[in-house]
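Before any comments, here is the structure.
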Amino acid sequence: MSGVGKGVSVASMGALLKARGLKVTAVKIDPYLNVDPGTLNPTEHGEVFVTKDGLETDQDIGNYERFLDEDLSRVNYMTSGSIFQTIINRERAMGYHGKTVEWVPDVPNEIISRIKTAANDADADVTLVEIGGTVGEYQNLLYLEACRMMHLESPKDVLLALVSYLPVPGNLGEMKTKPTQYAARSLNAAGLQPDFIICRSAFPIDEPRKRKLSISCNVAAEDVIAAPDVESIYAVPVKFEEEGVGDRIVSKLGLKAPKKDGKHWRDLIKNIKSSTKPIKIGVVGKYFSTGDFTLSDAYLSVLEAIKHAAWAIRRKPEIVWLNSEDFEKNPGTVATTLKKLDGIIIPGGFGARGIEGKLMAMKYAREHKLPYLGLCYGMQLGLIEIARDVLGWKDANTTEIDPNTSHPVIHLMDEQQKKMEDKNYGGTMRLGEYPCVLKKGSKARALYDLEIVRERHRHRYEANPEYRKEFEKVGVVFSGMSPDEKLAEIIELKNHSFFMASQFHPELTSRPFRPNPLFLGFAKAAAKR
């Protein structure tokens with residue numbers, strides 16, 4: 001089923017192989033027809049993760065980067081939409097030389113070609129490939145066919161792991177293996193035999209059920225891997241190592257691994273467990289609700305970046321999800337809610353819904369010296385709040401919401417104007433890594449301890465430079481700028497414990513062993529609180 005942990009399993013296997021001195025890369029395949037997830041609603045699909053070279057991808061690419069501590073690129077991601085688009089464009093350009101283009105083998109061949117490109121570009125010893133979706137559904141059959149063809153071509157070089165959920169029905173209290181047996185049979189029907197079965201469940205799988213799956217699914221008992229729920233996803237590499245996953249992969253692929261060192265992962269888990277003194281961080285957003293449930297995946301990288309920073313200062317992060325629309329319905333709850341927190345973050349987003357509630361939260365943070373970190377839209381709204389409440393421009397706004405405002409403190413970037421007029425939305429924002437020059441003497445410069453940094457962007461609108469001097473008069477410091485000084489990248493407030501915001505997305509470059517400096521500074525300010 002979706003969300004069962006395929007991405008974390010892939011990332012953890014990669015971490016184990018990298019700890020053995022092997023070069024590793026990872027590829028994510030999404031079977032939907034969107035060319036990329038950039039146009040999908042976050043409550044529909046979760047977070048959009050942006051690579052350094054500017055591709056909008058699935059959140060699993062973020063997990064791969066965090067676990068492997070490697071920057072991945074556009075070659076590491078594909079969707080059915082992008083594959084079909086390539087095939088159709090090639091056919092229109094006579095790239096198939098008049099031959100009939102067929103589902104098989106032409107689509108699987110394009111998939112295989114992309115996997116091999118990612119492997120070659122990384123000069124990888126091992127390339128991990130995650131096929132999104134669920135075994136037995138129609139939309140990923142062509143990816144299973146590609147897997148079958150690769151295995152046929154080079155059987156000693158291709159392994160297949162099935163990640164499957166083993167339920168423990170509350171009324172029975174017994175782990176059930178039948179759904180996993182059925183999933184394995186579905187793979188068999190596609191011409192594939194799993195080499196490993198990763199058994200996701202609330203509890204570790206026991207020996208009797210390992211034996212049952214071994215016999216029923218034609219898998220050695222030692223290749224039935226326990227993958228129970230853990231407090232932190234960063235414990236999964238350690239758990240997999242205890243299950244012998246790394247050694248089994250190396251052995252099955254006939255690789256020579258020069259070393260075996262997972263100490264840094266074990267040390268991280270010890271640090272997480274010993275970080276017991278809490279800091280309470282509120283995330284004020286609007287992409288939480290999916291029916292009666294909370295969807296934290298919409299802000300996955302933000303959540304992970306908070307954890308990385310908190311653990312680095314030996315603090316336990318307690319994250320409180322705050323729906324900005326609730327503040328709009330009940331303004332009196334803003335103060336009573338936020339005064340209990342050590343800091344708030346307003347992450348990226350689009351559109352008018354929930355904006356007034358976010359502005360209320362910012363006003364409280366600014367006036368009460370509550371540590372505040374704004375990300376992308378969080379920076380733009382920070383300037384709007386100051387414009388309205390400090391500069392007195394009551395109609396100040398972004399032209400995204402009010403094109404006719406007399407104080408457009410946030411406006412559309414010049415290169416985006418034509419794209420919006422043509423309704424050219426997909427993959428056309430300012431995307432990927434850009435340089436940012438940090439102002440000497442600023443808090444941002446002190447946090448990064450660098451003059452120039454490179455961070456990742458995803459936006460169409462920017463701070464209007466016409467209002468820069470007016471903001472500076474009331475204590476706003478434009479501490480990070482594009483090299484041509486046209487684009488405001490970081491703002492901070494004088495005489496505040498910590499009020500910073502960035503036009504870029506610092507959460508995308510945060511790693512468990514290297515927290516992003518803005519998040520680290522924010523966590524330290526929250527800890528002082």
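Might you let me know whether segment 135-158 holds any residue that is within 20 Å of residue 226 (Cα to Cα), surrounded by fewer than 18 Cβ atoms within 10 Å (Cβ to Cβ) and assigned by TED's automatic domain parsing to the domain that holds residue 62?
No; the residues of segment 135-158 include none that is within 20 Å of residue 226 (Cα to Cα), surrounded by fewer than 18 Cβ atoms within 10 Å (Cβ to Cβ) and assigned by TED's automatic domain parsing to the domain that holds residue 62.
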Handout entry: Cross-chain or 6+ apart pairs with Cβ under 7 Å, segment 300-322 first and at negative phi, then of a type in the set (Phe, Trp, Tyr)
Key = 301/49; 305/519; 306/519; 308/519; 309/519; 309/522; 321/288
Fill in the blank from the handout: When restricted to 27, 35, the only residue surrounded by 17 or more Cβ atoms within 10 Å (Cβ to Cβ), in contact (Cβ under 8 Å) with a residue 60 or more places away in the chain, part of a strand (DSSP E or B) and hydrophobic (A, V, I, L, M, F, W, C) is 27
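Would you confirm, using the coordinates I've provided, whether residue 154 is out of contact with any Leu (no Cβ under 8 Å at 6 or more places or on another chain), closer than 23 Å to residue 248 by Cα and small (Gly, Ala, Ser)?
Yes: the conditions hold for residue 154.
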Exercise for the section: Identify the single condition in (1) assigned by TED's automatic domain parsing to the domain that holds residue 300; (2) in a loop (DSSP other than H, G, I, E, B); (3) in contact with a helix residue (DSSP H, G or I) (Cβ under 9 Å, 6 or more places away or on another chain) that residue 428 does not satisfy, given that it satisfies every other one. Expected result: (1)
Fill in the blank from the handout: residue 450 meets each of (1) surrounded by 16 or more Cβ atoms within 10 Å (Cβ to Cβ); (2) within 27 Å of residue 526 (Cα to Cα); (3) of a type in the set (A, V, I, L, M, F, W, C) with one exception, condition (1)
Completion exercise
Exactly one of 489, 470 is closer than 23 Å to residue 301 by Cβ and in contact (Cβ under 8 Å) with a residue 24 or more places away in the chain, and that residue is 489
Completion exercise
Scanning segment 162-200 for residues that are assigned to a loop (DSSP other than H, G, I, E, B) and in contact (Cβ under 8 Å) with a residue 24 or more places away in the chain gives 166, 167, 168, 175, 177, 190, 191, 192, 193, 194, 195
Completion exercise
Those residues of segment 132-145 which are under 16 Å from residue 194 (Cβ atoms) and among the aliphatic types (A, V, I, L, M) amount to 135, 144
Exercise for the section: Give just the number: which of (1) surrounded by 22 or more Cβ atoms within 10 Å (Cβ to Cβ); (2) in contact with a Lys or Arg (Cβ under 6 Å, 6 or more places away or on another chain); (3) without any contact (Cβ under 8 Å) to a residue 60 or more places away in the chain does residue 227 not satisfy? Expected result: (3)
Completion exercise
When every residue in segment 497-529 that is assigned to a loop (DSSP other than H, G, I, E, B) and surrounded by fewer than 19 Cβ atoms within 10 Å (Cβ to Cβ) is compared, the one nearest to the chain's Cα centre (by Cα) is 513
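The values are calculated or read from the model by the stated rules, or taken from the named source; none is laboratory data. Predicted model only: the values in this text are computed from it and were never measured. Positions of Cβ are generated from backbone atoms using ideal geometry, with glycine treated the same way; all protein chains shown enter the neighbour counts.
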